[in-house]
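The values are calculated or read from the model by the stated rules, or taken from the named source; none is laboratory data. Model, not experiment: these values are computed from the prediction. For neighbour counting, all protein chains shown are included, and Cβ atoms are generated from backbone atoms with ideal geometry for every residue, glycine included.
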Amino acid sequence: MAAASISYAVDPPILSSWYTSNANQYARVVEVTGGQIKTTWPSAGLPNMGGGQSTQAYSDVQQIRYSANYVYINSNGLASHIMGPWYINSTTVFGNWPSAQSYQLKFPRNPTPASGAHTRLGGGNVGLWVNGAGFFNGLDMFSYSTSLANDYSTNGPPGNKGDGLWNRSAIAAEVATFDPAYAHQPGNGAYHYHASPKGLRYQLNDNMTYNSGTNTYSESTGTLHHSPLLGWAFDGYPVYGPYGYSSAMNSASSIARMRTGYAVRNGTNGTTNLSSTGRHTLPAWAATAYGQPQNLAVNQYGPNVTTARPLGWYAEDFDYLGDHSLTQGTDFDLDKYNGRTCVTPEYPSGTYAYFVAIDATGAPAYPFTIGAEYYGTVTGGNAVTISESVTTYFIRTTPAARVDDWNSY
């Protein structure tokens with residue numbers, strides 16, 4: 001028996017884009033390089049600092065419901081592509097393991113641009129990828145404490161916390177702990193991606209190749225096609241992979257990598273050279289988002305640029321080129337929220353959409369997915385209870401998981 005769907009007159013993308021093909025498949029992990037595929041983890045003898053699955057759990061999106069104004073998604077937060085392995089260096093196993101999360105999240109069906117101040121992204125989920133896995137922002141929730149001269153949790157206890165002005169990039173500080181699919185998890189087991197979700201992109205045919213022998217992914221740029229819809233933000237706008245139409249409103253234009261509107265503050269393009277001046281000023285986007293002046297007080301300075309904290313270590317090491325007389329659509333493609341108004345295969349009449357940002361080498365480019373603030377009005381998020389009448393669009397109904405081919409997608 002296949003997973004059940006309930007028909008809908010017109011399937012809008014916010015209903016039809018969720019990845020349910022593998023909803024009856026148990027989540028799978030490779031614990032160590034060259035190891036066997038497991039459906040429970042971790043094995044005895046491996047470090048376990050949190051998370052794990054002692055029983056098998058289903059992967060991807062498990063249920064989709066909707067009302068006139070919202071779509072509700074249930075998932076375990078576990079991907080159907082192979083997850084793991086995770087290391088903290090070339091030989092040491094990370095010790096945090098993914099575990100089922102019982103997500104129930106809601107997304108507005110009729111998104112609107114924010115009027116007035118835009119909402120800052122918080123920690124934890126800022127949306128959800130279409131496979132139901134966690135969608136975190138590009139930060140690791142640590143920031144620099146000027147008085148303590150080190151990076152500390154921004155939400156730490158008084159006297160032992162970061163200042164929240166120089167916010168550490170997860171890609172710079174945590175990338176060693178990402179699996180080949182480009183995700184990891186903290187001690188609570190919430191598997192999540194901070195940047196380009198490579199495993200999901202491969203599953204959805206987003207210009208990626210996969211080497212099953214080495215469990216690695218790479219960009220495939222020979223003949224590009226428009227990226228698929230990969231996720232949804234809590235303001236209700238879609239998130240696409242890194243490739244779109246070169247002319248925003250022309251679906252007949254060529255396919256191109258969407259160029260981020262951000263550049264490192266190294267003195268080029270009119271930016272401040274932080275290596276020379278020190279981290280004494282905020283870029284304009286950060287000053288606006290944080291409600292701070294650009295010129296900081298001495299007790300707000302960040303650390304000097306060093307090999308330990310190079311340019312790119314903090315989000316505030318990047319400047320938005322639109323604040324330096326460069327033009328979106330000519331010099332770069334994506335606005336300060338990391339999106340643009342454009343046509344896409346799912347929206348032939350146009351929509352606002354975020355895009356995953358990568359550079360010309362395929363490496364993640366700041367701000368990775370969504371900028372410091374949402375473009376739209378945020379009315380989505382965790383839905384502890386559903387207090388309105390809803391209709392079921394999809395629900396996994398098969399009692400037994402698919403175990404026919406553990407090595408395929």
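Looking only at the stretch 343-377, count how many residues are closer than 23 Å to Tyr19 by Cα and part of a loop (DSSP other than H, G, I, E, B). So the count comes out to 12. None of Tyr210, Tyr152 is farther than 22 Å from Thr33 by Cβ and in a strand (DSSP E or B) except Tyr152.
In the stretch 187-207, of all residues being in a helix (DSSP H, G or I) and of a type in the set (D, E, K, R), the one that is nearest to Leu230 (Cα to Cα) corresponds to Arg201. Just one residue in the set Tyr26, Tyr103 is of a type in the set (Ser, Thr, Tyr) and closer than 26 Å to Ser389 by Cβ; that residue is Tyr103.
Residues that are of a type in the set (Ser, Thr, Tyr), over 15 Å from the mean Cα position of the chain (by Cα), more than 24 Å from Leu15 (Cβ to Cβ) and surrounded by 18 or more Cβ atoms within 10 Å (Cβ to Cβ) occur at least once in the stretch 214-227. Cβ-Cβ contacts under 7 Å between residues 6 or more apart (or on different chains), taken from a first residue in the stretch 284-305 that is in contact (Cβ under 8 Å) with a residue 40 or more places away in the chain to a second residue that is among the small types (Gly, Ala, Ser) and surrounded by 13 or more Cβ atoms within 10 Å (Cβ to Cβ), are listed as Trp285/Ala372; Ala286/Ala372; Ala289/Ala372; Tyr301/Gly278.
Rundown of residues vs (1) polar (S, T, N, Q); (2) within 25 Å of the chain's Cα centre (by Cα); (3) more than 20 Å from Pro111 (Cα to Cα); (4) at pLDDT below 95, yes/no style:
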| site | (1), (2), (3), (4) |
| --- | --- |
| Phe355 | no, yes, no, no |
| Ala363 | no, yes, yes, no |
| Tyr366 | no, yes, yes, no |
| Ala372 | no, yes, no, no |
| Thr379 | yes, yes, no, no |
| Glu388 | no, no, no, no |
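Within the stretch 231-245, the set of residues being crowded, with 23+ Cβ neighbours inside 10 Å and either of a type in the set (Asp, Glu) or farther than 22 Å from Ser67 by Cα (or both) comprises Asp235, Tyr240, Gly241, Pro242, Gly244.
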